[in-house]
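The values are calculated or read from the model by the stated rules, or taken from the named source; none is laboratory data. In this text, all values refer to a predicted model and were calculated from it rather than measured experimentally. Counting neighbours? That spans all protein chains shown, and the Cβs are built from the backbone with ideal geometry, glycine included.
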């Protein structure tokens with residue numbers, strides 16, 4: 001069985017997922033050495049129901065299938081997708097390869113089931129683990145049964161934060177990837193996987209109305225949230241112009257080689273999922289990929 005790169009997404013981030021898929025192919029020495037799969041939340045009816053309540057960070061929230069990040073529980077459906085066998089690299093749709101990820105599939109996993117990046121201090125958690133990029137040995141995750149876990153979430157049996165941050169897992173089964181394998185809004189010569197993780201500055205959404213749920217502030221929930229909602233009415237430009245350029249150069253390349261259809265881009269613009277000036281940005285950045293080098297030729 002080939003290893004798989006699994007990109008999980010929803011309808012609002014579909015173009016990001018398609019560009020992500022292209023980035024993994026074009027930066028691989030041998031793109032045929034792994035498969036690329038896109039998991040869409042619409043294929044999971046249990047994620048399409050509105051009004052389900054669940055606990056997140058101690059607060060009660062209502063599930064919204066139209067939220068920008070309604071795909072996130074699908075991270076835990078990957079072992080089911082893989083029939084609980086083989087290796088899978090699961091990534092968010094706003095994650096883009098800079099290097100050849102096949103090197104992850106060939107590394108010594110030391111018997112661990114999960115590999116991900118630590119992000120100490122994020123959300124005031126000294127031991128925060130980022131699950132937006134995870135290398136999974138699916139055969140070692142027999143307890144990841146998505147339907148059962150999701151039902152338990154709706155029933156209030158655990159907190160979403162404990163699930164998404166792997167606090168329910170045996171820490172001995174988790175290995176740590178080097179930070180460049182999930183580089184959060186940082187693009188340097190060391191970056192191997194770029195993650196444009198700050199939702200309000202995702203490069204393909206600049207200027208669009210914000211369509212994601214703001215996290216509550218644990219200390220000043222009643223005061224901060226209304227102010228935040230006023231401030232974050234629209235997506236803002238990414239502070240690093242190179243990251244916007246890299247996304248649109250990838251998109252231009254994907255259009256030119258046929259891995260993305262121009263009709264898909266036009267549809268996403270019409271739906272308001274992608275900024276309307278994307279056509280001009282595609283032309284401006286065509287052929288200006290940075291810092292990725294052209295993929296090495298395959299061995300004969």
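Key figures for this structure:
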quantity: Meets criteria (assigned by TED's automatic domain parsing to the domain that holds residue 142, touching a strand residue (DSSP E or B) at 6+ places or on another chain (Cβ under 6 Å) and within 24 Å of residue 102 (Cβ to Cβ)) for residue 53; calculated: no
quantity: Any hit, region 138-145, residues being surrounded by 22 or more Cβ atoms within 10 Å (Cβ to Cβ) and either in contact with a helix residue (DSSP H, G or I) (Cβ under 9 Å, 6 or more places away or on another chain) or not assigned by TED's automatic domain parsing to the domain that holds residue 37 (or both); calculated: yes
quantity: Matching residues, region 186-201, being under 12 Å from the mean Cα position of the chain (by Cα) and either assigned to a loop (DSSP other than H, G, I, E, B) or modelled with pLDDT under 95 (or both); calculated: 196, 197, 198, 199
quantity: Listing of strands (runs of 3 or more DSSP E) fully contained in region 1-80 that carry 2 or more residues being surrounded by fewer than 19 Cβ atoms within 10 Å (Cβ to Cβ) and within 13 Å of the chain's Cα centre (by Cα); calculated: 35-40
quantity: Residue match in region 175-185 (condition: outside any helix (DSSP H, G or I) and farther than 23 Å from residue 24 by Cβ); calculated: no
quantity: Tally, over region 162-172, of residues that are more than 22 Å from the chain's Cα centre (by Cα) and assigned to a helix (DSSP H, G or I); calculated: 2
quantity: Top-ranked residue in region 238-258 [being out of contact with any helix residue (DSSP H, G or I) (no Cβ under 7 Å at 6 or more places or on another chain) and under 18 Å from residue 196 (Cα atoms); ranked as surrounded by the most Cβ atoms within 10 Å (Cβ to Cβ)]; calculated: 246
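For every residue, the table says whether it meets (1) modelled with pLDDT of 95 or more; (2) assigned by TED's automatic domain parsing to the domain that holds residue 130.
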| position | (1), (2) |
| --- | --- |
| 157 | yes, yes |
| 207 | no, no |
| 212 | no, no |
| 216 | no, no |
| 233 | no, no |
| 253 | yes, no |
| 256 | yes, no |
| 265 | yes, no |
